[in-house]
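Nothing in this text is a laboratory measurement; each read-out follows from the coordinates by a stated rule. All values reported here derive from a predicted model rather than from experimental measurement. Note: ideal-geometry Cβ built from the backbone for every residue, glycine included; neighbour counts use all protein chains shown.
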Amino acid sequence: MNSTRQSLQQRIDDFLRYLRVERQLSPVTIINYQRQLIMLMDMAINMNINDWTQLETSHVRMMVAKCRRQGSQAATLALRLSSLRSFLNWLVEQGILTANPAKTVRTPKNKRHLPKNIDVDEVNQLLNIDLADPLSVRDRTMLEVMYGAGLRLSELVNLNCQHLDLPNGEVWVMGKGSKERKIPLGRIAVEWLIRWLEMRQQYVKQDEAVFISIQRGKRISARNVQKRFALWGIRQNVRSHIHPHKLRHSFATHILESSGDLRAVQELLGHANLSTTQVYTHLDFQHLAKVYDVAHPRAKREKP
């Protein structure tokens, strides 16, 4: 490693250590920061930048332009710029930089497409699995918990037995940023969890995971969950492709359509910002119109 790369890399390593030790961010988040910053470091080296103090706003704009020419999507560019801003802010806090040269560079707008949900009838069709073999029981339980609690895929996979409070119909999950939240579980999800946990004892090999691979006796992988969900979508003749995020989104949409309480859905989903919830949940216009007519004081018309 040449001296320039070593010098630039050392600052990144120090920043990543700060994220890990002081901020206590998850390993996945730190790896994402590292990946983005290494790419940007390579660009900086190609611009003959020998030290981060030489980086200027024009350089950052050139980096963004190069990423665009290489076909990077808006979401990727936003992530890369966000990583760079955080890193440069840290350099400012350390007294290494006097100002953040990426601060005024605009983040490309990301076209946010609403994920499609499945309607209640299709959900009932999907969950109508009435088989007694352990694999089917485990899979239906995963589907019930995913849809019944609106979990992320990672939250479902990382669910441990001690996180369940079945007598009270509750589950504790560890969300993004290592934030815990408590979520109510429906009666049917609880019933299937009880049924699965009894079967689980025959296959588990000293693993605290709720959902295990029956063949290996250890925690099921996220990829395996995705495959099983897609398979059941086909078996149950559901028209749309079934994947974990679609069930999470359907959970949020159905709750919001029934309650109209966006804040409650935000808490259930574990979103830090309400704007994120607004992207993941949507109401049809007729429902919104009904809510408006009932709730807004200016919407009520006097009877002729």
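Tabulated data
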{"item": "Kirkwood Rh and Cα Rg combined as Rg/Rh, the stretch 139-254", "result": "0.94"}
{"item": "Kirkwood Rh and Cα Rg combined as Rg over Rh, evaluated for the stretch 53-153", "result": "1.30"}
{"item": "Charge-dipole axis of the stretch 133-250 as Lys and Arg at +1 and Asp and Glu at -1 on Cβ define it, positive-most pick from 242, 194, 204", "result": "242"}
{"item": "Cα-centre dipole for the stretch 1-104 with unit charges at Cβ (Lys and Arg positive, Asp and Glu negative), debye to 20", "result": "380 debye"}
{"item": "Rg/Rg_globular for the stretch 1-108, with Rg_globular taken as 2.2 N^0.38 Å and Rg from C-alpha atoms", "result": "1.01"}
{"item": "Relative contact order for the stretch 10-111, counting Cα pairs under 8 Å that sit 6 or more residues apart, in percent", "result": "28 percent"}
{"item": "Percent of alpha-carbon pairs separated by more than 14 Å within the stretch 115-166", "result": "61 percent"}
